[in-house]
Amino acid sequence: MSVNVRDAVILAAGNGDRFKNGDHHSKLLHPVAGQPLILRTIHTAAAAGIRSFCIVVGFEADRVRATVEKALVPGTTVRFVYNPEWHLENGVSALAARPHCADRRFALLMGDHLFEPAVLARMLALHLEPNVSVLAVDSLPGDPAVAAEATRVRMRAGRITAIGKDLDPWDALDTGLFVFSPALFDALEQAQAAGETTLSAGVRRLAAKGLMRGADVAGATWCDVDTIEDLDAAESLLSAEPEHA
């Protein structure tokens, strides 16, 4: 199935409780190379071809929204969805986007991840079977510390067969870049009915049906900003890449 994905959901609701910067504000507002982290994510996605954003907010929703609205990317549209249960895991925020993405394929991004526009652009242009979703995975992580912190995936013939933080053995790491079919939302509902509120729980249900592919982006540059210490890696990433904002 040929896809032409131009919509993205960005999960931006959490409080980033591991990010101890002293001011107790959302880490998405923290500058990375002079630009708030959330804007880095949006501008990179726009450079990859995204034209419509659905941003799920929660913690400090008004501040995050104001920051985004002051720096809108020309040619894009942005809507905000408030998740009152932002203190729960990220699957709850993903499900909150359902009214806006229930009829088409969409990218799903983490507000605190940095990545290369070319990687997402490749994901947006993939040919996928109906109801199949895809996650960008990295089979060659260079930093053992990254592998220790990241979500892991197990693969077979290009399909994801298992995903989880403590997965062992594993074949690649979850980079946080997804392109989902609307089938995600039913999977998340089923997971939450069973008491599982992570995005990975929904992905596991898709994988069990053979509906979850992995696209290996080994060698690509990406960074998950969970802590203040991660900012050093993020700054290094941006200093090594051409400006795309």
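What to note about this one:
- Considering the range 132-142, the residues that are within 19 Å of G219 (Cβ to Cβ), in contact (Cβ under 8 Å) with a residue 40 or more places away in the chain and not small (G, A, S) include one that is surrounded by the fewest Cβ atoms within 10 Å (Cβ to Cβ), namely L140.
- Subset of the range 92-114 that is outside any helix (DSSP H, G or I) and more than 12 Å from I10 (Cβ to Cβ) - its residue that is most open to solvent (accessible area, probe 1.4 Å): D103
- For the range 94-106, the count of residues that are modelled with pLDDT under 95, more than 30 Å from I160 (Cα to Cα) and not basic (K, R) is zero.
- Between E85, E89, E129, the distinction of being touching a Gly at 6+ places or on another chain (Cβ under 8 Å) and either modelled with pLDDT of 95 or more or surrounded by fewer than 23 Cβ atoms within 10 Å (Cβ to Cβ) (or both) belongs to E85 only.
- Yes/no for L88 being of a type in the set (A, V, I, L, M), assigned to a loop (DSSP other than H, G, I, E, B) and more than 13 Å from the chain's Cα centre (by Cα): yes
- Qualifying residue in the range 70-93 (condition: in contact with a Lys or Arg (Cβ under 8 Å, 6 or more places away or on another chain) and either of a type in the set (D, E, K, R) or at positive phi (or both)): yes
- Leading residue by the ranking (nearest to the chain's Cα centre (by Cα)) among those in the range 151-165 that are surrounded by fewer than 21 Cβ atoms within 10 Å (Cβ to Cβ) and among the aliphatic types (A, V, I, L, M): A162
- For the range 181-201, the set of residues classified as polar (S, T, N, Q) and either open to solvent by less than 60 Å² (accessible area, probe 1.4 Å) or not in a helix (DSSP H, G or I) (or both) consists of S181, Q192, T197, T198, S200, listed by residue number.
- Meets criteria (surrounded by fewer than 23 Cβ atoms within 10 Å (Cβ to Cβ), of a type outside the set (A, V, I, L, M) and closer than 14 Å to L11 by Cα) for F53: no
- Residues within the range 136-146 that are touching a strand residue (DSSP E or B) at 6+ places or on another chain (Cβ under 6 Å) and either modelled with pLDDT under 80 or farther than 15 Å from L177 by Cβ (or both), tallied: 1
- Residue that is assigned to a strand (DSSP E or B), open to solvent by 50 Å² or more (accessible area, probe 1.4 Å) and out of contact with any Pro (no Cβ under 6 Å at 6 or more places or on another chain), where the choices are R63, R79: R79
The values are calculated or read from the model by the stated rules, or taken from the named source; none is laboratory data. Here the structure is a predicted model, which is why all the values come from computation and not from measurement. Note that we place each Cβ from the backbone using ideal geometry, even for glycine, and neighbour counts take in every protein chain shown. Ligands, DNA and RNA are stripped out before the accessible areas are found, and what is left, the full protein with its side chains, is counted by its heavy atoms. Shrake-Rupley method; radii C 1.70, N 1.55, O 1.52, S 1.80 Å.
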